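So the structure is just underneath, and the comments pick up after that.
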Amino acid sequence: MNYKIGDTVEVEGGKDDPGFRDSWSQYKVTKVVKRRIVTLQSLEFLADAEDDSSPLIEVKRIDEIRPALEDDSVKFPLAERQCGDAVDVFKDGCWWTGRVCKCYDDHITVMFPRESLFSQQWSKLFAK
């Protein structure tokens, strides 16, 4: 895939911090080198927790990123989700992939595969 400056992409977490395994964080492409290497600026994370004005910058190969997925929460609202549906949920500055495991009138419960004991009820789903 050919990325260009300004594209929104996602980087898989967990390589440097196992607590973010299976998460995807959004970045903007700020530089492209020979269509194989990109410089990215985080849309959520800061380079230094003490410096609130400096976004995290990372350099990645294009095989380490994916295009940002579209938000389908309007196309498939919460009320239309069914048990077993795959969803991405925004939590802790990242997108996490899970499966709907319970459906109620006003919320759903999502189970995250690697965290078998961790499930979360969502009354508003930011899904992709």
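The values are calculated or read from the model by the stated rules, or taken from the named source; none is laboratory data. Since we're looking at a predicted model, the values are computed, not measured. Because the Cβ atoms are built from the backbone with ideal geometry, glycine has one as well, and the counts that use them run over all protein chains shown. Side chains are part of the model used for accessible areas, which takes the heavy atoms of the whole protein and leaves out ligands, DNA and RNA. Shrake-Rupley method; radii C 1.70, N 1.55, O 1.52, S 1.80 Å.
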Output the number of residues of the stretch 49-59 satisfying the condition of being open to solvent by 80 Å² or more (accessible area, probe 1.4 Å) and either under 25 Å from residue 88 (Cβ atoms) or hydrophobic (A, V, I, L, M, F, W, C) (or both). 3
Can you report the number of residues in the stretch 85-104 which are surrounded by 20 or more Cβ atoms within 10 Å (Cβ to Cβ), more than 8 Å from the chain's Cα centre (by Cα) and closer than 21 Å to residue 9 by Cβ? 1
Residue within the stretch 9-25 that is at pLDDT 90 or above and surrounded by fewer than 16 Cβ atoms within 10 Å (Cβ to Cβ) present: no
Is it the case that the stretch 50-64 has a residue that's touching a Lys or Arg at 6+ places or on another chain (Cβ under 8 Å) and at pLDDT 85 or above? yes
Selection status of residue 36, more than 24 Å from residue 86 (Cβ to Cβ), open to solvent by 60 Å² or more (accessible area, probe 1.4 Å) and in contact with a helix residue (DSSP H, G or I) (Cβ under 8 Å, 6 or more places away or on another chain): yes
Looking at (1) at pLDDT 85 or above; (2) of a type in the set (Gly, Ala, Ser); (3) open to solvent by 90 Å² or more (accessible area, probe 1.4 Å), find the lone condition where residue 68 falls short. (3)
All strands (runs of 3 or more DSSP E) inside the stretch 49-110 with 3 or more residues being touching a strand residue (DSSP E or B) at 6+ places or on another chain (Cβ under 9 Å) and over 26 Å from residue 30 (Cβ atoms): 86-91, 94-103
Consider residue 46 carefully, then state whether it is outside any strand (DSSP E or B) and surrounded by 10 or more Cβ atoms within 10 Å (Cβ to Cβ). no
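Quick grid of which residues meet (1) in contact with a His (Cβ under 7 Å, 6 or more places away or on another chain); (2) among the hydrophobic types (A, V, I, L, M, F, W, C); (3) touching a residue at least 40 places away in the same chain (Cβ under 8 Å):
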{"position": "33", "(1), (2), (3)": "no, yes, no"}
{"position": "40", "(1), (2), (3)": "no, yes, no"}
{"position": "48", "(1), (2), (3)": "no, no, no"}
{"position": "61", "(1), (2), (3)": "no, no, no"}
{"position": "68", "(1), (2), (3)": "no, yes, yes"}
{"position": "86", "(1), (2), (3)": "no, yes, no"}
{"position": "97", "(1), (2), (3)": "no, no, yes"}
{"position": "113", "(1), (2), (3)": "no, no, yes"}
